[in-house]
Amino acid sequence: MSVISIPCFLLFFMSFIVEGSVHEYRGDRFVAKGNAFVVHGGNEGIYSSPAGNFNETAEMTSNRDSFIRFEKITFRRSEEFSNISSGPIQAVIFEVEDRETIGGSAYGGQRAICCTGDLAKLGVCSQGEIIHRPSMNDPNWPHVFGVSFEVDELVATLRSRSIQITKTGMYNLYFMHCDPNLKDVVVEGKTIWKNPTGYLPGRMAPLMNFYGFMSLAFVLLGVLWFYQYARFWKEVFPLLNCITMVITLGMFEMAFWYFDYVEFNETGVRPTGITIWAVTFGAIKRTVARLIILMVSMGYGVVRPTLGGLTSKVIMLGMTFFLASEVLEIVENVGAVSDLSGKARLFLVLPVAILDAFFILWIFKSLSATLNKLQARRMMVKLDIYRKFTNALAVGVVVSVGWICYELYYKSNDIYNEQWQDAWIIPAFWHILSYSLLCMICALWAPSQNSMRYAYSDDAAEEFDRDESSLTLIKPAAMPSKDVRIATEARPVQSNNSSSNDDVEEDKTE
């Protein structure tokens with residue numbers, strides 16, 4: 001499969017599972033959970049709307065209102081059980097802090113969602129309905145309402161309504177029923193979830209401004225870089241062209257992400273095409289950046305003209321990382337993240353993590369060898385810049401490991417998404433870190449009138465690639481005569497002076 005066809009294939013594949021603030025239900029079937037049958041209708045962080053009048057049955061509401069609107073929600077059953085009436089199919093909306101108000105404890109401590117006959121005798125609920133209690137914070141929550149099938153009725157329609165959100169929180173919607181005769185029922189229709197500023201989910205809303213800021217940051221970096229590039233274009237060597245490509249890809253990536261979120265916020269449906277392009281540009285940028293760092297670590301463009309026999313291995317590693325990263329980002333950003341099970345996401349994350357670890361090991365191993373050879377050949381200017389480069393990468397790796405540990409801690413302690421307002425910081429951090437490393441590389445290898453001192457040269461390459469062990473292969477010469485020995489005794493002084501002069505000249509040119 002070619003690289004060009006990959007986004008098209010993923011676009012076709014993901015078109016079946018795209019979700020946004022407009023949650024659509026296309027024949028979703030109920031699943032048994034405990035003693036109830038459940039369909040998860042969605043969950044999102046929603047900010048509270050300003051105080052004011054709100055009509056839950058109005059077709060149009062204020063642009064500043066936060067609400068969850070039910071539109072054309074229908075339930076369909078088969079003809080097999082159409083000759084009897086049914087128990088209610090109920091929609092249950094609750095804020096995550098009120099999750100304990102749904103369901104109750106039956107005898108023996110077993111939690112029950114549906115009211116049983118024994119519980120109904122105690123007068124705590126009505127048999128066949130969902131057990132729920134008023135919230136301690138607001139007696140009007142949770143919202144529970146539903147519809148039943150009449151005799152010979154195949155379709156039951158839930159009344160359209162809008163529920164205003166007056167408290168900032170993570171809200172969950174479930175469709176539930178307790179009637180075993182309705183186990184084959186499917187739900188169709190859609191719900192619309194809105195924040196005061198638009199349809200962008202609350203946990204994603206801060207990212208729109210963040211991507212706008214990052215777009216400006218990349219533009220500023222690009223202007224500074226291209227200005228220097230234009231001034232000293234005669235001093236440009238291949239490594240600087242690679243850095244230019246990474247900056248350009250970053251500018252496109254951030255711009256696509258920003259427009260993706262703007263469109264999502266206005267319509268409530270994520271623009272699949274823009275999202276896939278943003279993901280693709282991001283995957284290409286990350287791949288190219290890693291390959292550049294790896295090649296620089298090997299000395300490419302600085303002390304050697306090519307990678308030799310390693311070229312095919314480097315390209316293969318880059319292609320594998322691109323494919324793994326592209327698939328992971330497509331599923332996380334185009335699909336509904338909350339619908340992924342832990343094992344399914346782990347299956348996609350592991351390849352990327354393993355390839356990243358392989359990149360890091362190969363980079364630092366190559367850097368160690370390059371530093372040793374530069375020091376042995378006394379190429380002090382290049383050695384200095386490589387040491388700064390190594391230190392910056394080491395700091396980046398340490399910070400990355402620390403942030404991964406924090407991310408694992410954060411997610412393990414937030415299983416109900418109660419800290420959703422801070423969730424945007426996790427993806428934002430990785431963009432800031434990669435941007436910081438890119439700025440560091442730009443500072444180290446910025447185009448200037450002396451750029452060529454960092455570039456590859458034939459003489460330096462011969463010295464760099466020469467293995468000292470090859471000197472042992474030289475055949476020993478015969479013992480010189482007395483006159484020859486006298487002549488050669490003075491020769492080391494001249495040789496040393498010449499070598500010293502060469503080193504001085506090399507430092508000047510570098």
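Key figures
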| quantity | calculated |
| --- | --- |
| Qualifying residue in the range 235-255 (condition: over 20 Å from the mean Cα position of the chain (by Cα), of a type in the set (S, T, N, Q), over 29 Å from T320 (Cβ atoms) and surrounded by fewer than 19 Cβ atoms within 10 Å (Cβ to Cβ)) | no |
| For R378: the one exception among (1) assigned to a helix (DSSP H, G or I); (2) farther than 30 Å from E97 by Cα | (1) |
| Within the range 106-120, tally of residues that are modelled with pLDDT of 85 or more and either touching a strand residue (DSSP E or B) at 6+ places or on another chain (Cβ under 6 Å) or open to solvent by 30 Å² or more (accessible area, probe 1.4 Å) (or both) | 2 |
| Hits in the range 88-100 - residues which are open to solvent by 20 Å² or more (accessible area, probe 1.4 Å) and either part of a helix (DSSP H, G or I) or modelled with pLDDT under 90 (or both) | E97, R99, E100 |
| Odd one out for A423 among (1) surrounded by fewer than 15 Cβ atoms within 10 Å (Cβ to Cβ); (2) within 25 Å of M208 (Cα to Cα); (3) among the small types (G, A, S) | (1) |
| Inter-residue pairs, beta-carbon under 6 Å, first of a type in the set (D, E) and in the range 227-242, second surrounded by 11 or more Cβ atoms within 10 Å (Cβ to Cβ) and part of a helix (DSSP H, G or I), 6+ apart | E235/S451; E235/M452 |
| Residue in the range 188-205 that is of a type in the set (G, A, S) and touching a Gly at 6+ places or on another chain (Cβ under 6 Å) present | yes |
| Number of positions in the range 181-206 that are open to solvent by 10 Å² or more (accessible area, probe 1.4 Å) and in a helix (DSSP H, G or I) | 3 |
| Exclusive hit being farther than 24 Å from L355 by Cβ and part of a helix (DSSP H, G or I), set L216, L294 | L216 |
| Count of residues meeting criterion [basic (K, R) and open to solvent by less than 30 Å² (accessible area, probe 1.4 Å)] in the range 381-407 | 1 |
| Test for P134: is it outside any strand (DSSP E or B) and open to solvent by 60 Å² or more (accessible area, probe 1.4 Å) | yes |
| Scope the range 256-274; condition open to solvent by less than 40 Å² (accessible area, probe 1.4 Å) and either of a type in the set (D, E) or in contact with a Phe, Trp or Tyr (Cβ under 8 Å, 6 or more places away or on another chain) (or both); matching residues | W257, D260, Y261, F264, N265, G268, R270, P271 |
| Test result for T311, open to solvent by 10 Å² or more (accessible area, probe 1.4 Å) and assigned to a loop (DSSP other than H, G, I, E, B) | no |
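The values are calculated or read from the model by the stated rules, or taken from the named source; none is laboratory data. In this text, all values refer to a predicted model and were calculated from it rather than measured experimentally. All Cβ positions, glycine included, derive from the backbone under ideal geometry; neighbour counts span all protein chains shown. To get the accessible areas, we keep the full protein, side chains included, count just its heavy atoms, and leave off ligands, DNA and RNA. Shrake-Rupley method; radii C 1.70, N 1.55, O 1.52, S 1.80 Å.
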